[in-house]
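Visitor: I am attaching a structure below and will ask some questions about it afterwards.
The values are calculated or read from the model by the stated rules, or taken from the named source; none is laboratory data. Nothing here was measured: the structure is a model prediction, and the numbers come from that model. All Cβ positions, even for glycine, are placed from backbone atoms using ideal geometry, and neighbour counts span all protein chains on display.
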Amino acid sequence: MSRVHVRGACPSLPEPMETGDGLLVRFLPIAPMTLDAFIGLCEAACAHGNGTMEVSARGSLQVRGLTPLSAPRFAAAIAALDIDISEGVPVLADPLPDDPSALIDANGLAAQLRQAIAEAGLTLAPKVSVVVDGGGRLDLDALTADIRLCALPTAEGPRFELALAGDAASAVPVAIVAAGDAVDEVLTRLKAIAARGAEARARDVLQSPSGRRDPRTDSQRSARAHPIGCHPLKSGAFARGLGLAFGHAEADALIELSLIAKAEGALWARPVPGRALLFGTLGEANAEATRQAAERLGFVTEASDPRRRIVACPGAPSCAQGLIAARALAAEIARHVSFPGDGTRARVALHVSGCAKGCAHPKPAPLTIVGTEKGCGIVRDGTAQGRPTEHVDPADLVARLDRIVAETREAVHA
C-alpha cells in the first residue's frame with residue numbers, strides 16, 4: 001500500500017480542487033517508483049481523469065479532469081500501487097538517487113525529518129516546507145522553502161548551511177550545522193514558526209541574519225547540472241532526465257515512453273523539480289535510445305530547448321479562471337520567438353498566465369503575458385499581478401513579442 005501522510009493541504013488526493021476541466025489532485029512522490037507503478041498511475045489518470053498529467057515546478061504530480069465520483073476511485077487506485085507519497089509538511093530532498101557526487105545522504109535525512117515532524121504534531125501553515133540539498137549533481141536552488149539545508153564541504157567534513165525563507169539566492173543563512181544536528185535544528189525552527197500561529201511562515205520568525213552566506217555554497221551551486229540530461233549513478237549506470245513541455249503531457253504518451261524505457265532496462269521513474277522526469281537505471285546507450293524515443297513523442301530532451309524558457313499555466317479552458325489559452329499560446333511562441341540568453345539553465349524569459357493569479361510562476365519574469373478582459377496584457381519585468389503596459393489580441397501576440405525581443409536586442413547592442 002502507498003504510505004500517505006495527510007495534512008489537509010489542497011489540492012490533494014483526499015481533497016481535490018475544482019478547475020475548469022474538472023477536479024485536480026496533486027501529490028508528492030518522495031522516492032523513485034517502479035516503472036510498473038508509474039504506468040499504473042498513468043492508466044488510472046486515463047481511467048478516472050481526462051488523461052492530462054503534470055509535473056509541477058516543485059516536482060509534484062498533478063492529475064486533471066477527475067469528477068466527484070471518479071476522484072475517490074483514482075485515490076483508491078493510487079493507494080494500491082507501491083508509491084511512497086507524502087502529504088505532510090513537504091520535505092523535498094535530492095531528486096537523483098544513488099548520486100555519487102552527493103556530500104550527504106539528503107534523502108535519508110529527509111526521511112528522518114518527516115518522521116520527526118509527524119511525531120511533533122505541529123500545527124503549521126499548509127505551504128510551510130523544508131528543502132534538504134545534499135550538494136549532489138542536481139540542485140534544488142529554485143525551490144522556495146521556509147527552511148533550507150544545503151550541504152557544503154568544510155575542514156571538519158560536510159556540513160549544512162541552514163537558511164530561512166527563500167530560494168537558494170534569497171534565503172537568509174542563520175547557521176552552519178552538522179548533519180547529526182540537522183533534525184533538531186529544523187524542528188527548533190518549525191516549533192518557533194508554529195508558536196506564531198497556524199498561518200505563520202519562516203519570514204515571521206526571522207530576525208537579523210547571523211552571518212553572510214558561505215562563498216563555497218555559491219561556487220558549488222554554479223557547477224551543478226540541469227535535470228534534463230544523462231546523470232551517472234553509483235552503480236556505473238545512468239539516469240535519464242526528460243522534461244514535460246510546459247509541465248504537462250498526456251498519460252498515453254507517458255505510458256508509451258515508460259514502456260520504451262522499460263524495454264531499454266529502466267527500473268524506475270521519478271518526477272523531479274523543474275517539471276521533469278528521471279528514468280533509471282540505464283546503460284549509456286540505453287539512455288540515449290530513451291532520449292530519442294522521448295524526442296519523437298514530443299518531450300523536452302535538451303536543457304537548451306526553447307520551451308524551457310517559457311513558463312505557462314493551463315489557462316482556458318482547463319482553468320476556470322483562465323482568460324487566454326496560456327499553454328497553446330506558449331507553444332506557438334516557442335516555435336516562432338527566439339529569446340536572447342543561454343537557455344541551458346532554463347532561465348525564465350517569458351511567463352504566460354491565464355489570469356492575474358500567476359500560479360505557475362509567482363516570481364517576476366522579463367516578460368509576462370497575462371489574460372485580461374482586454375486580451376493579452378504585456379507586463380515587463382514583473383509578475384502576472386503587475387500593470388500591463390499594453391494589450392494585444394492573442395492572434396497578434398507572436399508578432400508583437402517578436403518585435404519586443406528585436407527591440408531589446410537592438411537596445412543591448414546600442
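Visitor: Could you tell me whether any residue of region 118-131 is over 24 Å from the mean Cα position of the chain (by Cα) and under 26 Å from Ala225 (Cβ atoms)?
Guide: No; the residues of region 118-131 include none that is over 24 Å from the mean Cα position of the chain (by Cα) and under 26 Å from Ala225 (Cβ atoms).
Visitor: A follow-up question, please. Looking at Pro100, Pro68, Pro72, which one is part of a loop (DSSP other than H, G, I, E, B) and either of a type in the set (A, V, I, L, M) or in the same structural domain as Leu244 (by TED's automatic domain parsing) (or both)?
Guide: Unique residue meeting the criteria: Pro68.
Visitor: Would you check which residues across region 103-135 are in contact with a strand residue (DSSP E or B) (Cβ under 8 Å, 6 or more places away or on another chain), assigned to a loop (DSSP other than H, G, I, E, B) and either among the small types (Gly, Ala, Ser) or within 23 Å of Leu233 (Cβ to Cβ) (or both) and list them?
Guide: Within region 103-135, Leu103, Ile104, Ser129, Gly134, Gly135 qualify.
Visitor: Any residue in region 10-29 that is of a type in the set (Val, Ile, Thr), crowded, with 17+ Cβ neighbours inside 10 Å and outside any strand (DSSP E or B)?
Guide: Looking for residues that are of a type in the set (Val, Ile, Thr), crowded, with 17+ Cβ neighbours inside 10 Å and outside any strand (DSSP E or B), one finds none in region 10-29, hence no.
Visitor: Turning to a different aspect of this structure: Answer yes if at least one residue in region 32-55 is at pLDDT below 95 and over 15 Å from Ala77 (Cβ atoms), and no otherwise.
Guide: no
Visitor: So which of Val63, Val130, Val55 is crowded, with 20+ Cβ neighbours inside 10 Å, of a type in the set (Val, Ile, Thr) and closer than 15 Å to Val183 by Cα?
Guide: Numbers: Val63 fails: closer than 15 Å to Val183 by Cα; Val55 fails: closer than 15 Å to Val183 by Cα.
Of the residues listed, the single one that is crowded, with 20+ Cβ neighbours inside 10 Å, of a type in the set (Val, Ile, Thr) and closer than 15 Å to Val183 by Cα is Val130.
Visitor: Something else about it: For region 314-325, does any single residue satisfy the condition of being within 17 Å of Arg380 (Cα to Cα), crowded, with 20+ Cβ neighbours inside 10 Å, in contact with an Asp or Glu (Cβ under 8 Å, 6 or more places away or on another chain) and assigned by TED's automatic domain parsing to the domain that holds Glu407?
Guide: Quick first cut of region 314-325, residues within 17 Å of Arg380 (Cα to Cα) only: none.
For region 314-325, residues within 17 Å of Arg380 (Cα to Cα), crowded, with 20+ Cβ neighbours inside 10 Å, in contact with an Asp or Glu (Cβ under 8 Å, 6 or more places away or on another chain) and assigned by TED's automatic domain parsing to the domain that holds Glu407: absent.
Visitor: If you don't mind, another one. Answer yes if at least one residue in region 145-155 is of a type outside the set (Val, Ile, Thr), in a loop (DSSP other than H, G, I, E, B) and touching a residue at least 60 places away in the same chain (Cβ under 8 Å), and no otherwise.
Guide: Yes, region 145-155 has at least one match.
Visitor: Let me ask something additional. Conditions: (1) crowded, with 20+ Cβ neighbours inside 10 Å; (2) in a loop (DSSP other than H, G, I, E, B); (3) not small (Gly, Ala, Ser). Pro340 meets all but one. Number of the miss?
Guide: Here Pro340 meets the rest and fails (1).
Visitor: May I pose another question? Would you check which residues across region 363-414 are among the basic types (Lys, Arg) and touching a strand residue (DSSP E or B) at 6+ places or on another chain (Cβ under 8 Å) and list them?
Guide: Listed by number, the residues that qualify are Lys374, Arg380, Arg387, Arg400.
Visitor: In addition: Can you tell me how many residues within region 356-370 are surrounded by 21 or more Cβ atoms within 10 Å (Cβ to Cβ) and either more than 30 Å from Cys230 (Cβ to Cβ) or in the same structural domain as Gly247 (by TED's automatic domain parsing) (or both)?
Guide: 5
Visitor: Among the residues of region 75-93, which ones are more than 11 Å from Ile30 (Cβ to Cβ) and buried (at least 16 other Cβ atoms within 10 Å of the Cβ)?
Guide: Within region 75-93, Ala75, Ala77, Ile78, Leu81, Val89 meet the criteria.
Visitor: Take Asp105 and decide whether it is more than 20 Å from Glu15 (Cα to Cα) and acidic (Asp, Glu).
Guide: Yes: the conditions hold for Asp105.
Visitor: Considering (1) over 18 Å from the mean Cα position of the chain (by Cα); (2) surrounded by fewer than 16 Cβ atoms within 10 Å (Cβ to Cβ), say which one Ala169 fails and leave the rest.
Guide: The failed condition is (1).
Visitor: Follow-up. Every residue in region 280-317 that is closer than 30 Å to Asp82 by Cβ and part of a loop (DSSP other than H, G, I, E, B), please.
Guide: Across region 280-317, the qualifying residues are Gly283, Leu297, Gly298, Phe299, Thr301, Pro314.
Visitor: Next question, about the same structure. Out of the residues in region 142-165 that are in contact with a strand residue (DSSP E or B) (Cβ under 9 Å, 6 or more places away or on another chain) and surrounded by fewer than 18 Cβ atoms within 10 Å (Cβ to Cβ), which is farthest from Gly59 (Cα to Cα)?
Guide: Per the stated criteria, the residue is Glu156.
Visitor: If you don't mind, another one. Hey, could you check region 371-383 for residues that are surrounded by 18 or more Cβ atoms within 10 Å (Cβ to Cβ) and touching a residue at least 40 places away in the same chain (Cβ under 8 Å) and say which is nearest to Ala334 (Cα to Cα)?
Guide: Cys376
Visitor: Considering only region 6-14, I want to know if a residue exists there that is modelled with pLDDT of 95 or more and touching a helix residue (DSSP H, G or I) at 6+ places or on another chain (Cβ under 7 Å).
Guide: No: zero hits.
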